[in-house]
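Q: Got a structure here, written out as structure tokens. Questions coming.
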Amino acid sequence: FDTVVMSEVIEHLDDDVLAASLNEVLRVLRPGGFILATTPFQEVLSQSRVICPECGSDFHRMGHVQSFDKARIKDIFTSHTYRDIRISVTTFVDWRRSGIKNFLKSILRIGLAKMGESIADPHLVVIARK
């Protein structure tokens, strides 16, 4: 493959499965191919814990088992021999909303996300090469 996309996936994987997944991506990528991954940035997992009223199980409402910051994600990708690792912080906005007010709100939200403000729902974007 020229490119593999793992959008909003890795936060659902424990360390062993994540390592195996990144190794598999390396296996299927052509030399010089890219991986593009996105994941929540510095998510506080305990803030999204819920308890099932039926069985009493305690779990993350979205099934997340890990949280990532820039240093950790870089270490993970480096340890799997990816190179040219580029990491940025952004958020996902709906550019289809019309009007200057919505445009300015989206720009503000991106700025807040780049500063790591949780109100903006920041996400890491990782692009790396095999």
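The values are calculated or read from the model by the stated rules, or taken from the named source; none is laboratory data. Predicted model, so just to flag it, every value in this text is computed and none were measured. When we count neighbours, we look across all protein chains shown, and the Cβ atoms used for this are built from the backbone with ideal geometry, even at glycine. For the accessible areas, the whole protein counts, side chains as well, though only heavy atoms, and no ligand, DNA or RNA atoms are used. Shrake-Rupley method; radii C 1.70, N 1.55, O 1.52, S 1.80 Å.
Q: Run the helix sum for the chain: -39,500 (n - 2.57) per DSSP H stretch of 4+ residues, divided by residue count, reported at 222 nm to the nearest 500 deg cm²/dmol.
A: Helix contribution divided over all residues of the chain: -9500 deg cm²/dmol.
Q: Sticking with this one: Before anything else, pin down the relative contact order of region 13-84: Cα pairs under 8 Å, at least 6 apart, normalised by residue count, whole percent.
A: Details: 44 pairs, mean separation 23.9, N = 72.
Once divided by the residue count of region 13-84, the mean separation gives 33 percent.
Q: Tell me the chymotrypsin sites (Phe, Trp or Tyr not before Pro) within region 1-66 that lie in a loop according to DSSP and have at most 14 other beta-carbon atoms within 10 Å. Please list the in-between numbers first.
A: Details: sites: Phe1, Phe34, Phe41, Phe59; in loops: Phe1.
Here the sparse-neighbourhood loop sites are Phe1.
Q: Amide H of Glu8 versus every other amide H placed in the peptide plane: which residues, excluding those fewer than 5 positions away on the same chain, fall under 5 Å?
A: Amide H neighbours of Glu8: Thr38, Thr39.
Q: Once both labels are modelled 7 Å past Cα along the beta-carbon direction, what's the Phe92-Ser67 spacing in nm?
A: Placing both labels 7 Å beyond Cα along the Cβ direction yields 2.0 nm.
Q: Two decimals is fine: what is log10 I(q)/I(0) at q = 0.16, 0.18 Å⁻¹ for the chain, from a Debye sum with one equal scatterer on every Cα and no solvent?
A: -0.87, -1.01
Q: Straight-line reach from Lys114: which lysines fall under 21 Å, measuring Cα to Cα and dropping same-chain residues less than 8 apart?
A: Leaving aside lysines fewer than 8 places away in the same chain, those within reach of Lys114 are Lys70, Lys74, Lys101, Lys105.
Q: Count the net charge of all other residues whose Cβ sits under 9 Å from the Cβ of Ala128, scoring Lys and Arg as +1 and Asp and Glu as -1.
A: Spelling it out: positives minus negatives among the neighbours equals +3.
Q: What distance in nm separates the simple spin-label points at Leu45 and Thr81, each placed 7 Å from Cα in the Cβ direction?
A: In this crude label model, Leu45 to Thr81 measures out at 2.9 nm.
Q: Rank these by accessible area, largest first, 1.4 Å probe: Lys74, Lys130.
A: Result, largest first: Lys74, Lys130.
Q: Starting from the Cα-Cα distance between Arg27 and Ile110, subtract it from 0.36 nm times their residue separation and give me the gain in nm to one decimal.
A: Gain on extension, Arg27 to Ile110, equals 26.5 nm.
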